[in-house]
Amino acid sequence: MKKPALLRAAIAAMFPELARGPDQLAMWVERGSVRATGNAQRGFAWEYQLEVVAENFKREPEGLFFVVVDWLRTQQPDLIQANAPGFTFEVDVINDTTFDVQMTLPLREIVTATAVGVGGWQLAVVPEQVPLFPDAEPLRAAAGPITSIWTRANDGEPVKVAPIEAD
């Protein structure tokens, strides 16, 4: 389970006071489930609700939400797509400057299993796929018709998809 530690690091980088007080940033997993296909691959996916609680948070909650949404862009991008259900939260207003914030993040991680030797297995958590097009990169030039379509191969090299030219 890699994502809880990655999220903790992202939050601590923006709000170091939460890293200094470990009781101020609590995380735990609830309602987890494992899905396996039953095929020879032997890998599986686990889906779970990550509960994140920032207690006595001395800043406006939107800063914390910004860090989480920014982290989701690379770690669980399906949660921030158009029409996605997003994540739920609760905020207790302690006073004008202090809040208890709880977020529930529905997360998924894929685990691969590779046979090693006789009867051994190497398990690895697969990182999320990097989006094909970075948000800052325009899909096409502002003027002119689309004349070709390109993508990137697994090695990062550009590959022309359309139109396909005859040899």
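A few remarks follow.
- Residue list for region 18-54, restricted to those being among the charged types (D, E, K, R) and touching a Lys or Arg at 6+ places or on another chain (Cβ under 7 Å): GLU47
- Scanning region 65-100 for residues that are over 23 Å from ARG20 (Cα atoms) and among the aromatic types (Phe, Trp, Tyr), we see that the one that is surrounded by the fewest Cβ atoms within 10 Å (Cβ to Cβ) is PHE89.
- Residue match in region 9-26 (condition: at pLDDT 85 or above and closer than 30 Å to GLY119 by Cβ): no
- Of the candidates ALA9, ALA19, the single residue that is out of contact with any Pro (no Cβ under 8 Å at 6 or more places or on another chain), free of Cβ contacts under 8 Å to residues at least 12 places away in the same chain, surrounded by fewer than 14 Cβ atoms within 10 Å (Cβ to Cβ) and assigned to a helix (DSSP H, G or I) is ALA9.
- Counted residues, region 134-155 - those being under 30 Å from ALA36 (Cα atoms) and either out of contact with any Leu (no Cβ under 8 Å at 6 or more places or on another chain) or modelled with pLDDT under 60 (or both): 3
- Selection within region 22-52 - assigned to a helix (DSSP H, G or I) and touching a helix residue (DSSP H, G or I) at 6+ places or on another chain (Cβ under 9 Å): GLN24
- Yes/no for GLU62 being among the charged types (D, E, K, R), exposed (fewer than 10 other Cβ atoms within 10 Å of the Cβ) and either part of a loop (DSSP other than H, G, I, E, B) or at pLDDT 80 or above (or both): yes
- Sole residue being in contact with an Asp or Glu (Cβ under 8 Å, 6 or more places away or on another chain) and either within 22 Å of LYS2 (Cβ to Cβ) or not hydroxyl-bearing (Ser, Thr, Tyr) (or both), chosen from ASP96, ASP100: ASP100
- GLU55 vs. criteria assigned to a strand (DSSP E or B), of a type in the set (Asp, Glu) and surrounded by fewer than 11 Cβ atoms within 10 Å (Cβ to Cβ): no
- All strands (runs of 3 or more DSSP E) inside region 81-133 with 3 or more residues being β-branched (Val, Ile, Thr) and either touching a residue at least 40 places away in the same chain (Cβ under 8 Å) or in contact with a Phe, Trp or Tyr (Cβ under 7 Å, 6 or more places away or on another chain) (or both): 98-116
The values are calculated or read from the model by the stated rules, or taken from the named source; none is laboratory data. From a predicted model like this one, the values you see are computed outputs, not experimental measurements. Reconstructed Cβ throughout: ideal geometry from the backbone, glycine too, with neighbour counts over all protein chains shown.
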